[in-house]
Amino acid sequence: MSVSPWAAGRYPRHAFAGWNDGGMSQQNVIEELQRLGMSGYEAKAYVALVAAGAPLNGYEVAKRSGVPRSTVYETLAKLVARGAAYEVRAGEDNVGYISLPPSALLDRMRREFDQSMDTLREALPEIASPSQVRLVHSLSDRSSLLARAEDVIAAARTDVFLSGFPAELDPLKPAARRAEADGVDVSVVTFGEDKDPVGNTTPHRFSSPEVVLENLGCRLLVVSGDREQAVIGGVVNGDAWGVYTDDPAVVLVAVEYVRHDIAMHLIAERFAPDEFESFWTENPRLRRLRADHGAPAAVLKRGAGTGTPPRRPRR
């Protein structure tokens, strides 16, 4: 009979350490393997083989894994077919099974996944019909707002526009840096100090973050990718509201909102600081535009997405 992979040193005894000492459980591993394409029985059988540290026959696999004896050999055959396990023979009727080392299995799964993604990336657009409707869907909490914003950044191939406060921009920076590394033009407006800027970052200097927060009533986040899709939302304390859309009109407004802020700062830099500050704070027409305070925040206080927008005060 072949030497056990554990004894041969093909993978370490600690490869799945932690199952019984407060770390990841066998059930967690089984669930993750299922997410990567194994059936429940295949995942259970594979985990039993890995944990055994020596070849097992079908009866032993069934006993240790909980796979029914009536299907265990079919399950093991599937593992062998996918290369996740191997037969070990010692005589005509004595057949055991050993697992492919975990690191090798995961490397193989990654290669297969990448190959499938490359194939689908080429094939799906060829069979897709032009969209008959424009998407607009609500985002009711901060985690979903940030997750959808990250999706928009990750999908961008040409340009990304971002505007927001550091609390929301910081979690998006890894995706923005990956986009920039892939040649995407990243433009950012940040409301507050940013010690680790990404892309072409413009600090908002017309008003302090506190004043902006008071005026808007929330930490506004605007994200657009390739001028084809956008996420717009706001955060107040732990509550959030937002939308994702690929509607061209809304995306255009989102992009122009960020571009306008950047352009205003570039223009302001051509004037004396005191002169522009006086104009920005004292001009009655600008003060009028900043007079409405925080309708989104009022909606959040009444329950994000559940109440009707509050009435604006009479002027």
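Bear in mind these aren't lab numbers, they're just calculated from the coordinates by the rules spelled out. Since we're looking at a predicted model, the values are computed, not measured. Positions of Cβ are backbone-derived with ideal geometry, glycine not excepted, and every protein chain shown enters the neighbour counts.
Points worth noting:
- Segment 29-126 - percent relative contact order, Cα under 8 Å, separation 6 or more: 23
- Charge dipole (Cα centre; +1 on Lys/Arg Cβ, -1 on Asp/Glu Cβ; no other charges) of segment 49-159 amounts to roughly 280 debye.
- Distance from segment 181-214 to segment 67-113 (C-alpha centre basis), Å: 53
- Placed amide H near Val189: partners under 5 Å, 5+ positions off or other chain: Leu162, Ser163, Gly164, Thr202
- Calculated from backbone phi, Karplus (6.51, -1.76, 1.60) coupling profile of segment 240-252 in Hz, x at Gly/Pro: 8, 9, x, 9, 10, 7, 10, 5, x, 5, 5, 4, 4
- Under-5 Å amide H pairs with Asp247, H placed in peptide plane, nonlocal only: Leu135
- Long-range HN-HN contacts of Tyr97 with modeled amide H, under 5 Å: Leu56, Asn57, Val88
- When you filter the GluC sites (Glu not before Pro) in segment 145-224 for DSSP loop state and at most 13 other Cβ atoms inside 10 Å of their Cβ, you are left with Glu193.
- Percent of beta bridges antiparallel (DSSP, segment 136-301, rounded to nearest 5): 70
- Within segment 62-144, the GluC sites (Glu not before Pro) that combine a DSSP coil assignment with at most 14 other C-beta atoms in a 10 angstrom radius are Glu92.
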